[in-house]
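All remarks here apply to the structure that follows.
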Amino acid sequence: MTKFLLAVHVLAAIVAIGPVTVAASMFPPAARRALAAPDDVRASETVRLLHRICQVYAAVGIAVPVFGFATAGAMGVTGDAWLIVSMVLTVLAAGVLLVLVLPRQEVLVEGRGARETTVRLAMFTGVFNLLWATVTILMIIRPGSTTGA
């Protein structure tokens with residue numbers, strides 16, 4: 001059962017978190033292009049599409065910590081420091097996405113933002129991506145690993 005849970009956890013991370021990080025990273029430059037050319041329908045459609053990808057995959061991303069916690073329970077590592085740090089960073093990443101990234105994207109999709117909004121959004125997106133990268137690294141090199149890596 002542990003291998004199944006781990007496989008689903010890793011697949012969920014790849015399928016859900018990957019698209020959010022890529023689409024969120026693409027959003028600020030796309031929004032700047034749309035702001036620079038307000039009559040460019042394609043530019044505004046791109047911004048809407050990237051925002052929708054972030055919203056949908058953020059919702060799907062709930063599966064990552066759910067299956068991660070189930071996997072940790074099956075492995076008996078829920079009290080390990082590396083996992084607790086990973087859980088805290090995951091909560092922080094989710095908070096950054098839900099409180100700082102998605103609302104600013106929404107402002108820009110609605111056409112109410114300015115270039116300054118895209119700059120802050122790019123910074124928050126970078127923080128979000130850095131948090132997920134850190135969690136990924138912890139999952140790979142976790143202290144006390146028995147993989148021998």
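The values are calculated or read from the model by the stated rules, or taken from the named source; none is laboratory data. Treat the numbers as computed from the prediction; the structure is a model and nothing was measured. Cβ atoms come from the backbone with ideal geometry, glycine included; neighbour counts cover every protein chain shown. With ligands, DNA and RNA removed, areas are computed over all heavy atoms of the protein, side chains included. Shrake-Rupley method; radii C 1.70, N 1.55, O 1.52, S 1.80 Å.
Under the membrane-span-like helix rule (DSSP H runs whose alpha carbons stretch at least 24 Å along the helix axis, mean Kyte-Doolittle hydropathy -1.0 or higher), the chain yields 18-36, 41-60, 115-141. Remark: the stretch 30-116 projects, on average over all directions, an area of 6.5 nm² (convex hull of Cα atoms).
Treating each Cα of the stretch 3-149 as one equal point scatterer and applying the Debye formula with no solvent, the log10 of I(q)/I(0) at q = 0.15, 0.20 Å⁻¹ comes out as -0.74, -1.11. Rolling a 1.4 Å probe across the protein heavy atoms gives the chain an accessible surface of 57 Å² per residue. Mind running the shape call on the stretch 89-130? Use the C-alpha gyration tensor, a ≥ b ≥ c as the square roots of the eigenvalues: rounded below 1.5 for a/c, prolate if a/b tops b/c, oblate otherwise. Because a/c hits 1.5 or more and a/b fails to exceed b/c, the stretch 89-130 counts as oblate. Modelled label positions at Leu130 and Arg42, each set 7 Å beyond Cα in the direction of Cβ, lie 3.5 nm from each other. The portion of the accessible surface of the chain made up by carbon and sulfur, rounded to a whole percent, is 70 (1.4 Å probe; DNA, RNA and ligands excluded). Dividing the summed helix terms, -39500 (n - 2.57) for each DSSP H run of n ≥ 4, by the number of residues in the chain produces a 222 nm estimate of -25000 deg cm²/dmol to the nearest 500.
In loop segments of the stretch 49-149 as defined by DSSP, the GluC sites (Glu not before Pro) with at most 12 further C-beta atoms inside 10 Å of their C-beta are Glu110.
Between Val99, Val109, Val20, where does the largest GNM mean-square fluctuation fall for the chain, given springs only between Cα atoms within less than 10 Å? Looking only at Val99, Val109, Val20, the largest GNM fluctuation is found for Val99.
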